[in-house]
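What follows is a short report on a single structure.
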Amino acid sequence: MGGHVPATKSSTIAWFVTAHTMRKRITRAGPALEPASVAHAKRMGSLRTECGEDATSWPKLWHEAFPYEGARNCTVCLDSTALVRADGRDDGRDDGRDDGRDDVSA
Ligand SMILES: [Zn+2]
């Protein structure tokens, strides 16, 4: 809810990291989670990963932008996010307005 999505391109994570299994690691800032299985890309407001997996029950790393360094990243998600980024048309237009309705499946 809320629908408050900052429209700045540079500071907004377009796709964050989610994975079926997470493990805990200790960082300088304290304990954090990292993907223990393949990392997938997910958009804010979407129930599925970019490759179409149902990620509703998966742990999510809201502050980690996909792809996740140090984990195995889903190649379909990599492809999908790279295509949209290179194309540019899905960027900026979606911010806020199409939140939740935009079910992009390749
Ligand atoms: Zn994926």
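All of the numbers you see were taken from the coordinates with simple rules; none came from a lab. No experiment lies behind these values; they were computed from the predicted model shown. Every residue, glycine among them, receives a Cβ derived from its backbone with ideal geometry; neighbour counts consider all protein chains shown.
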> Tally Lys/Arg at +1 and Asp/Glu at -1 over every other residue whose Cβ is under 15 Å from the Cβ of THR27; what's the total?
Replying inline: +1
> Between ALA55, PRO67, ILE26, whose Cα lies farthest towards the positive end of the dipole of segment 16-87 when Lys and Arg beta carbons carry +1 and Asp and Glu beta carbons carry -1, centred on the Cα centre?
Replying inline: ILE26
>> Counting just the Cα atoms, what span does segment 16-87 cover along each of its three principal axes? Round to the nearest Å and put the largest first.
In response: 37, 25, 20
>> Applying a 10 Å radius around every beta-carbon, put 61-70, 39-48, 14-23 in order of their mean neighbour count, most first.
In response: 39-48, 14-23, 61-70
> With each pseudo-label sitting 7 Å past Cα toward Cβ, what's the ALA82-ILE13 distance in nm, one decimal?
Replying inline: 2.1 nm
